[in-house]
């Protein structure tokens, strides 16, 4: 089984190739809005280094957001094209949920991406990684109300904050969890959540 993982939803571009539960290629690049320059060459590099062809890939996981408007579209577009060209389905992955699989032994997992002002993206998941609050974009006050309902040991995952756990990806556990969430590549689309600036002013 050959699996490909793509993420361009943040400042870090990530490409993983996994063969039978073993990572055989890993590329993480932090760029300044330049993911389109590196994504396809990274996929090509990973395949060639392992003597693989695109048609050898059985599953393709694509992070669909929330995150950067431009960045998210890059992985979605490349992933959709790759899967369509190789006649395989695609597996959409949440940019928030992707980080909870590196942790265990908590009652709840809360993943956060802070935005400008007092708004943020967040998702809340139970001990089995199931959605309690599906990824949403809202005000800090609404977030605090949601987490106030949780009782037990809580892991808060965020790049910011003193009492938070820094995001870390366990791509093997992620792939195991998401493996049956395949969709036709035609239906893959970015999950922006936040309206673009023009829409917010309407």
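The values are calculated or read from the model by the stated rules, or taken from the named source; none is laboratory data. Since the structure is predicted, the reported quantities are computational estimates derived from the model, not experimental observations. Cβ: placed from backbone, ideal geometry, glycine included. Neighbour counts: every protein chain shown.
What number of residues within the range 3-27 are surrounded by fewer than 19 Cβ atoms within 10 Å (Cβ to Cβ) and in contact with a helix residue (DSSP H, G or I) (Cβ under 7 Å, 6 or more places away or on another chain)? Outline the logic, then answer.
Just the residues of the range 3-27 that are surrounded by fewer than 19 Cβ atoms within 10 Å (Cβ to Cβ), to begin with: 11-12, 19-24, 26-27.
Filter once more, keeping what is in contact with a helix residue (DSSP H, G or I) (Cβ under 7 Å, 6 or more places away or on another chain): 21, 23, 27.
Residues flagged as surrounded by fewer than 19 Cβ atoms within 10 Å (Cβ to Cβ) and in contact with a helix residue (DSSP H, G or I) (Cβ under 7 Å, 6 or more places away or on another chain) within the range 3-27 amount to 3.
The residues in the range 115-124 that are within 24 Å of residue 171 (Cβ to Cβ) and in contact (Cβ under 8 Å) with a residue 40 or more places away in the chain can be counted, and the count is 1.
Put simply, of 91, 29, 112 the only residue that is farther than 23 Å from residue 182 by Cα and under 13 Å from the mean Cα position of the chain (by Cα) is 112.
Please find, within the range 134-175, the residue that is farthest from residue 97 (Cα to Cα) out of those that are assigned to a helix (DSSP H, G or I) and in contact (Cβ under 8 Å) with a residue 40 or more places away in the chain. Don't jump to the end; show me each part of the working.
Just the residues of the range 134-175 that are assigned to a helix (DSSP H, G or I), to begin with: 140-147, 171-175.
The next check asks that each one be in contact (Cβ under 8 Å) with a residue 40 or more places away in the chain; those that pass are 171-175.
Working: 171: 12, 172: 14, 173: 12, 174: 9, 175: 12 Å.
So the residue we want is 172.
Comparison of 59, 80 shows that the only residue that is more than 30 Å from residue 115 (Cβ to Cβ), within 19 Å of the chain's Cα centre (by Cα) and touching a residue at least 24 places away in the same chain (Cβ under 8 Å) is 59.
On the stretch given as the range 22-59, residues that are assigned to a loop (DSSP other than H, G, I, E, B), out of contact with any strand residue (DSSP E or B) (no Cβ under 8 Å at 6 or more places or on another chain) and modelled with pLDDT of 95 or more total 2. Applying the criterion of being free of Cβ contacts under 8 Å to residues at least 40 places away in the same chain and touching a helix residue (DSSP H, G or I) at 6+ places or on another chain (Cβ under 7 Å) to the residues of the range 28-52, the residue that is surrounded by the fewest Cβ atoms within 10 Å (Cβ to Cβ) is 33.
Quick check, is residue 92 modelled with pLDDT of 95 or more and not in a helix (DSSP H, G or I)?
Values: modelled with pLDDT of 95 or more: yes; not in a helix (DSSP H, G or I): yes.
Criteria met by residue 92.
Among the residues of the range 95-103, is there at least one that is surrounded by 12 or more Cβ atoms within 10 Å (Cβ to Cβ) and at pLDDT below 95? Looking for residues that are surrounded by 12 or more Cβ atoms within 10 Å (Cβ to Cβ) and at pLDDT below 95, one finds none in the range 95-103, hence no.
Among the residues examined, residue 84 does not qualify as in a strand (DSSP E or B), surrounded by 14 or more Cβ atoms within 10 Å (Cβ to Cβ) and touching a helix residue (DSSP H, G or I) at 6+ places or on another chain (Cβ under 9 Å). If you go through the range 154-186 and keep only what is surrounded by fewer than 11 Cβ atoms within 10 Å (Cβ to Cβ) and either over 27 Å from residue 76 (Cβ atoms) or touching a strand residue (DSSP E or B) at 6+ places or on another chain (Cβ under 6 Å) (or both), you end up with 160, 162, 163.
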